Amino acid sequence: MELQESAFGFEIDRVVEAIEERDCEKVGLQFPQGLKRRATTVVDTLEERTDARLYVSGDPCYGACDLDEWLMRNTDMLVHFGHSPIKDSDDVLYVESRSDAPIRDVTLDAAEKLDADAPVCLVTTAQHSHVFEEARDILEDDGFEVVASGGGNRLNNTGQVLGCNYTSVVPDAPQVLYLGGGDFHPVGLAMDHPDKLLVVADPVNDQVREVDGEKFIRQRYAEISRAREADPDKWGVILSTKIGQRREEIAQYLLDNYDDTYLITMDEITPDRLLHFDADAYVNTACPRITTDDGPRYDDPVLTRVEFEIAVGERDWDDLSFDTFHGAWST
Ligand code: SF4
């Protein structure tokens, strides 16, 4: 089957070059859910151009943090498609996906919702990082003062955001323009920076909108209130076994400081899997979006560490904040 390069370019030349340079006999391929349909096409194309045996990971993949460790151990190189690198590794070749959606009109439309007299912080995802400077120029030509930051070392590009990391938001800027599609990142931005005006310029769907984090913060208050009813002897602490979501220090801290908490290790965290345990509530130390976005799907309350500490009376309600990952890797 012929590979058609598209908005999600697979950088086949770069992958082939890396396979040849490293003299790989076995190569692992990992795709996020939205790109898995293209896996067989990528395999066909690589098989035509290399002699390497190709292994496609069938497990779910939610981010650059979510590497297939079996493939890392058992192949000569893992190629991780669709996300920008969190950390360079000799064993992992990251191939970002890039959107080719035009950004000019949607950026100018979004700018109409901003305060022209105040600085605007520009942020985006890995899919649009290659047009970040173009977006900055468009806004500056329109008269805006644009501020941007590289953020922490979990981020790879200026102005980039991840679902668990918004450190590229400049604290002093009263407003943020997010260039990108979907609700995932705007919701995280709104929860992490509820005090800022947040305008979304979505080049993929050609849409502009404002996002208010209030609704999501109210949901978190409701979950904490529900968790206050939990039997203090029946809290489960979830520790992820995924390499990029494994926050052992936090899990250990909770176990050391709160008697009668139970440590539960999991790779994939789902409502079904938690049903089997006799716990009243959980603290999730893995990907924070499991808590904030999927929390309502769980029978029992699932809280972040800070939310747990509010629920058990160790912190004030005013301490409520969005849970974020700041390190390159989580351990
Ligand atoms: S921890 Fe969650 S939000 Fe952060 S990169 Fe991984 S999957 Fe995305």
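The values are calculated or read from the model by the stated rules, or taken from the named source; none is laboratory data. Predicted, not measured: the structure shown is a model, and the values here were computed from it. Here the Cβ positions follow ideal geometry from the backbone for every residue, glycine too, while neighbour counts run over all protein chains shown. Please note that ligands, DNA and RNA were not included when accessible areas were found on the heavy atoms of the full protein model with its side chains. Shrake-Rupley method; radii C 1.70, N 1.55, O 1.52, S 1.80 Å.
Worth pointing out:
- With both labels modelled 7 Å from their Cα along Cα-to-Cβ, the Glu248 to Ile12 distance reads 4.2 nm.
- The DSSP beta bridges internal to the chain are antiparallel in roughly 15% of cases.
- Table column - 3J(HN,Hα) (Hz), segment 282-291, Karplus curve with 6.51, -1.76, 1.60, x for Gly and Pro: 9, 10, 9, 9, 8, 3, x, 6, 5, 6
- Accessible area of segment 104-212 belonging to carbon and sulfur atoms, whole % at 1.4 Å probe: 42 percent
- In this rough spin-label picture, where each label sits 7 Å from Cα along the Cβ direction, the Ala222-Arg273 distance is 2.6 nm.
- Rounded to the nearest 20 debye, dipole of the chain from Cβ charges on Lys, Arg, Asp, Glu: 440 debye
- Quotient of the Cα radius of gyration of the chain and 2.2 N^0.38 Å, N being its number of residues: 1.07.
- Contact order normalised by residue count of segment 203-295, Cα under 8 Å, 6+ apart, percent: 35 percent
- Taking all protein chains into account, the per residue accessible area for segment 215-319 stands at 50 Å² (1.4 Å probe).
- Å² of accessible area per residue within segment 104-212, as computed with a 1.4 Å probe and no ligands counted: 41 Å²
- Taking each residue as 0.36 nm, the span from Asp256 to Arg49 lengthens on full extension beyond its C-alpha to C-alpha distance by 69.2 nm.
- Under 25 Å between alpha carbons - lysine pairs in the chain that sit 8 or more apart or on different chains: 10
- Counting only protein heavy atoms and a 1.4 Å probe, segment 12-95 has 50 square angstrom of accessible area per residue.
- Dipole-positive endmost among Ile290, Asn157, Val176 within the chain (Cβ charges, Cα centre): Ile290
- Per-atom-type breakdown for segment 12-95 gives carbon and sulfur 40% of the accessible area (1.4 Å probe, protein chains only).
- Helices in the chain, meaning DSSP H runs of at least 4 residues, each add -39500 (n - 2.57). Divided by all residues, the mean residue ellipticity at 222 nm is -8000 deg cm²/dmol.
- Value of relative contact order over the chain, rounded to a whole percent, pairs C-alpha under 8 Å and six or more apart: 14 percent
- Between the amide H of Leu303 and those of Tyr282, Val283, Asn284, distances stay under 5 Å, these residues lying 5 or more places away or on another chain, with hydrogens modeled in the peptide plane.
- Relative contact order of segment 12-95, defined on C-alpha pairs under 8 angstrom at six or more residues apart (%): 35 percent
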